[in-house]
Amino acid sequence: MKLIITDLETLPCRVDGEYKLIRPGRPFRHCVGCFGCWIKTPGVCVIHDGCEMTGRDLSKCSELILVSRCVYGCTSPFVKNVLDRAISYIHPYFAVRGGEMHHRRRYENRLTVSAYFYGPDITEAERATAERIVQANAVNYDGGAGPVRFFQGPEELEGVTL
Amino acid sequence: MTVLINGSPKHSGSASGTLLDILKGHMRAEPVMTCLHGPEPGTESLKTLAEGDVWVFAFPLYVDSVPSHLLACLTELEQLAREKQPKVYAVVNCGFYEGRQNRPALEIIENFCARAGCRWCGGVGAGGGGALSTLAKLGKGPAGPVDAALRELAENIGSGSRQENRYVTLGIPRLMYKLAGEMGWRKMIKANGGRARDLDKRIT
């Protein structure tokens, strides 16, 4: 299954195969750094507003696809919030991978992270940061990095198949 | 006037707050403190930031970058930064041992400055955030490398100088940090009525 997280109310891309879409609608509160999803209700965020099961959703997918406005080289606050609220996908314990400390995996699935950023004038520096973040996400999820692509606006995504 | 901005979502007990306290202790001129705990900068924070000619953001690394609430604040602050042209510094901490893992977050602040046309002056990426608040109380020992980086940052803020990003970690071995952290998680889940093995729980 593909898990697609987007800040667009209507996804302009076509999608092959089974997928779950997380998009703006009901507002999600921001992560408050309580680590309740690790030490109070492991695997589930303690804020029950419709975003609490995203860690589990990640465990059921083989591809995590981000479709987002590029904000200073990051995803938009909406997409970033969903990712922040999903850290229960990983285990609080550490593992050393590639000579660096990362989180141990909680689940068995191995996912690929890819990103489709849009924005009218994304700079070279922002592109480099975005690519670095997707790569870092892939390592921290103990997964793989897929494509990172950039578009002038959401309308350019109409020809894309995820 | 220098404004120290606590960008942690936590209202108390954050590593970002500890780092700002250490930084403040090294500064010659008294800075002003403000907080960005939520996704919108409050009226008081906006007023304080408007009066500052130096902004110093301190925040934790979330999912390899800036926490979403702070990212939302940055988009709100871009116009103010464009108008006021502050010099901007940042201190990022992560729970991982290696301070260099904070690099993308510092780049985001640099990219924010480029968008706003204000001056990015560099920052510090500190590893070992999970133990910072505890170790900082013990004095300079294990927190010494972080303390030294913040002293250098304070000097650069004082002189208005730009610095290269500096990445530091605690003065303890990585294995010790890892084992102490894992013991901490077991204690915390037990304090919440769970068992150590509940940390491994999988939701189906």
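Answer yes or no: is there a residue in region B:46-61 that is closer than 26 Å to A:P120 by Cα and either touching a strand residue (DSSP E or B) at 6+ places or on another chain (Cβ under 8 Å) or of a type outside the set (D, E, K, R) (or both).
The initial filter retains those residues of region B:46-61 that are closer than 26 Å to A:P120 by Cα, namely none.
No: zero hits.
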>> Regarding region B:72-91, can at least one residue be identified that is away from every other protein chain (no Cβ under 14 Å), open to solvent by 40 Å² or more (accessible area, probe 1.4 Å) and part of a strand (DSSP E or B)?
In response: yes
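Just need a number here: residues in region B:1-14 that are closer than 17 Å to B:Y89 by Cα and modelled with pLDDT under 95. Show your work before the answer.
So the first thing to find is which residues in region B:1-14 are closer than 17 Å to B:Y89 by Cα, and the list is B:1-8.
Still in the running and modelled with pLDDT under 95: none.
Looking only at that region, the number is 0.
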>> Scan region B:121-136 and tell me whether some residue there is open to solvent by less than 60 Å² (accessible area, probe 1.4 Å), touching a Leu at 6+ places or on another chain (Cβ under 6 Å), farther than 26 Å from A:R132 by Cα and at pLDDT 95 or above.
In response: no
> Taking B:A180, is it open to solvent by less than 30 Å² (accessible area, probe 1.4 Å) and either aliphatic (A, V, I, L, M) or modelled with pLDDT under 95 (or both)?
Replying inline: no
>> From the list B:A29, B:A15, B:A50, exactly one residue is in contact (Cβ under 8 Å) with a residue 60 or more places away in the chain and surrounded by fewer than 19 Cβ atoms within 10 Å (Cβ to Cβ). Which is it?
In response: B:A29
> Looking only at region A:137-162, which residues are under 15 Å from B:D64 (Cα atoms), aliphatic (A, V, I, L, M) and in contact with a Ser or Thr (Cβ under 8 Å, 6 or more places away or on another chain)?
Replying inline: A:A138, A:A145
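Mind listing whichever residues of region A:144-162 are without any contact (Cβ under 8 Å) to a residue 40 or more places away in the chain and not in a helix (DSSP H, G or I)? Before the answer, list the steps.
Just the residues of region A:144-162 that are without any contact (Cβ under 8 Å) to a residue 40 or more places away in the chain, to begin with: A:144-145, A:147-149, A:151-153, A:156, A:159.
Selection gives A:G144, A:A145, A:P147, A:V148, A:R149, A:F151, A:Q152, A:G153.
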> For region A:31-52, which residues satisfy the criterion of being buried (at least 18 other Cβ atoms within 10 Å of the Cβ) and under 30 Å from A:T161 (Cα atoms)?
Replying inline: A:C51, A:E52
> Do you know which residues across region B:148-204 are away from chain A (no Cβ under 13 Å) and among the charged types (D, E, K, R)?
Replying inline: B:R151, B:E152, B:E155, B:R162, B:E164, B:R166
> Out of region B:93-124, which residues are in contact with a helix residue (DSSP H, G or I) (Cβ under 7 Å, 6 or more places away or on another chain) and part of a loop (DSSP other than H, G, I, E, B)?
Replying inline: B:C94, B:G95, B:Y97, B:G117, B:C118
>> Can you say whether A:I90 is under 18 Å from the mean Cα position of the chain (by Cα), in contact (Cβ under 8 Å) with a residue 24 or more places away in the chain and under 27 Å from B:S12 (Cβ atoms), as far as the supplied structure shows?
In response: yes
> Limited to region A:85-112, what total is found for residues that are surrounded by 21 or more Cβ atoms within 10 Å (Cβ to Cβ) and modelled with pLDDT under 95?
Replying inline: 0
> Hey, among A:Y118, A:Y72, which residue is among the hydroxyl-bearing types (S, T, Y), touching a Leu at 6+ places or on another chain (Cβ under 9 Å) and crowded, with 24+ Cβ neighbours inside 10 Å?
Replying inline: A:Y72
> On the given criteria, is A:E63 over 18 Å from B:P104 (Cα atoms) and open to solvent by 10 Å² or more (accessible area, probe 1.4 Å)?
Replying inline: yes
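Within region B:98-110, can one find any residue that is within 12 Å of chain A (Cβ to nearest Cβ), without any contact (Cβ under 8 Å) to a residue 40 or more places away in the chain, closer than 19 Å to A:A125 by Cβ and open to solvent by 20 Å² or more (accessible area, probe 1.4 Å)? Step through it out loud before you land on a result.
If we filter region B:98-110 for residues that are within 12 Å of chain A (Cβ to nearest Cβ), which is where we start, we get B:98-110.
Checking which are without any contact (Cβ under 8 Å) to a residue 40 or more places away in the chain leaves us with B:107, B:110.
With closer than 19 Å to A:A125 by Cβ added as a condition, the list becomes B:107, B:110.
Filter once more, so that each one left must be open to solvent by 20 Å² or more (accessible area, probe 1.4 Å): B:107, B:110.
Taking every residue of region B:98-110 in turn, at least one turns out to be within 12 Å of chain A (Cβ to nearest Cβ), without any contact (Cβ under 8 Å) to a residue 40 or more places away in the chain, closer than 19 Å to A:A125 by Cβ and open to solvent by 20 Å² or more (accessible area, probe 1.4 Å).
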> B:L4 passes all but one of (1) in contact with an Asp or Glu (Cβ under 8 Å, 6 or more places away or on another chain); (2) in a strand (DSSP E or B); which number fails?
Replying inline: (1)
> Scanning region B:34-47 for residues that are closer than 22 Å to B:L23 by Cα and within 14 Å of chain A (Cβ to nearest Cβ), which turns out most open to solvent (accessible area, probe 1.4 Å)?
Replying inline: B:C35
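Hey, can you tell me all the residues within region B:111-131 that are under 19 Å from A:A125 (Cβ atoms), within 11 Å of chain A (Cβ to nearest Cβ) and not basic (K, R)? Lay out the reasoning, then the answer.
Start the filter on region B:111-131 by keeping residues that are under 19 Å from A:A125 (Cβ atoms), which leaves B:111-123, B:125.
Of the ones still in play, those that are also within 11 Å of chain A (Cβ to nearest Cβ) are B:111-116, B:120.
Selection gives B:N111, B:F112, B:C113, B:A114, B:A116, B:W120.
The values are calculated or read from the model by the stated rules, or taken from the named source; none is laboratory data. Keep in mind it's a predicted model, so treat the numbers as computed, not measured. Quick reminder, even Gly has a Cβ in these numbers, built from the backbone with ideal geometry, and neighbours come from all protein chains shown. Heavy atoms of the whole protein, side chains included, go into the accessibility calculation; ligands, DNA and RNA do not. Shrake-Rupley method; radii C 1.70, N 1.55, O 1.52, S 1.80 Å.
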